[in-house]
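Visitor: Got a structure for you, written out below as structure tokens; questions coming shortly.
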Amino acid sequence: TYGSDVTQTPTLWKNVGDNATIDCSHTKGTGYSQMYWYRQLQGEGMKQIVLSPTYGKPEYEPNSKIEKFPVTKPDAASGTLTVKDLVAEDKALYFCAVSQPHSDTVNL
Ligand SMILES: *[C@@H]1O[C@H](CO)[C@@H](O)[C@H](O)[C@H]1NC(C)=O
């Protein structure tokens, strides 16, 4: 069942200027406390936005700002990514992935 135990918001249609919140949850157990958020713009590769740990502060990539992409991580099993103040260029595929801390293994 590799890859089948992480669930996220399927499709979200929003207007320019809105905020969009995407949910992600998993059933892999409390050890999988790290949540990664990525997005893929049309015609581009998947780029990491942020690493959101259950304990501690989120780590943003240099081109991603906390004001634009706030995250929540209430517990190991769930988290959200919000994309604030949507512009047309935010239309993309958004992915979450989870991993154990200090692990090379990422389960998309
Ligand atoms: C988006 O979020 C900001 C701050 O959290 C809020 O001020 C704003 O009203 C929200 N925008 C919409 C369209 O709901």
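The values are calculated or read from the model by the stated rules, or taken from the named source; none is laboratory data. Source: prediction; values computed, not measured. Note: ideal-geometry Cβ built from the backbone for every residue, glycine included; neighbour counts use all protein chains shown. For accessibility, only protein heavy atoms count, side chains too; no ligands or nucleic acids. Shrake-Rupley method; radii C 1.70, N 1.55, O 1.52, S 1.80 Å.
Visitor: Does TYR38 count as open to solvent by less than 60 Å² (accessible area, probe 1.4 Å), outside any loop (DSSP other than H, G, I, E, B) and touching a residue at least 40 places away in the same chain (Cβ under 8 Å)?
Guide: Against the criterion (open to solvent by less than 60 Å² (accessible area, probe 1.4 Å), outside any loop (DSSP other than H, G, I, E, B) and touching a residue at least 40 places away in the same chain (Cβ under 8 Å)), TYR38 qualifies.
Visitor: Something else about it: Looking at (1) in a loop (DSSP other than H, G, I, E, B); (2) surrounded by fewer than 18 Cβ atoms within 10 Å (Cβ to Cβ), find the lone condition where PRO74 falls short.
Guide: (1)
Visitor: Hey, any hits in the stretch 13-21 for a residue that's modelled with pLDDT of 95 or more and closer than 13 Å to SER78 by Cβ?
Guide: yes
Visitor: Take GLN48 and tell me if it is in contact with a Phe, Trp or Tyr (Cβ under 8 Å, 6 or more places away or on another chain), modelled with pLDDT of 95 or more and open to solvent by 40 Å² or more (accessible area, probe 1.4 Å).
Guide: It is true that GLN48 is in contact with a Phe, Trp or Tyr (Cβ under 8 Å, 6 or more places away or on another chain), modelled with pLDDT of 95 or more and open to solvent by 40 Å² or more (accessible area, probe 1.4 Å).
Visitor: Go through the stretch 59-86 and give me each residue that's within 16 Å of the ligand (Cβ to nearest atom) and under 22 Å from VAL6 (Cα atoms).
Guide: Scanning the stretch 59-86 gives PHE69, PRO70, VAL71, THR72, THR80, LEU81, THR82, VAL83.
Visitor: Inside the stretch 1-47, can you point out the residues that are within 16 Å of the ligand (Cβ to nearest atom) and either touching a Cys at 6+ places or on another chain (Cβ under 6 Å) or under 13 Å from CYS96 (Cα atoms) (or both)?
Guide: Within the stretch 1-47, THR21, ILE22 meet the criteria.
Visitor: If you don't mind, there's one more thing I want to ask. Quick check on this structure: which one of PHE95, PHE69 is part of a loop (DSSP other than H, G, I, E, B), open to solvent by less than 80 Å² (accessible area, probe 1.4 Å) and closer than 12 Å to ILE22 by Cβ?
Guide: Only one candidate passes the filter, namely PHE69.
Visitor: Failed condition for THR80, given (1) in contact with a Ser or Thr (Cβ under 6 Å, 6 or more places away or on another chain); (2) open to solvent by 40 Å² or more (accessible area, probe 1.4 Å); (3) not aliphatic (A, V, I, L, M), with all others met?
Guide: Tallying (1) in contact with a Ser or Thr (Cβ under 6 Å, 6 or more places away or on another chain); (2) open to solvent by 40 Å² or more (accessible area, probe 1.4 Å); (3) not aliphatic (A, V, I, L, M), THR80 fails exactly one: (2).
Visitor: Show the residue pairs that are 6+ apart or on different chains and have beta-carbon atoms under 9 Å apart, the first residue being within the stretch 56-76 and more than 16 Å from PRO101 (Cα to Cα), the second being among the small types (Gly, Ala, Ser).
Guide: Correct list of pairs: VAL71/SER52; VAL71/GLY79; THR72/SER52; THR72/SER78; THR72/GLY79.
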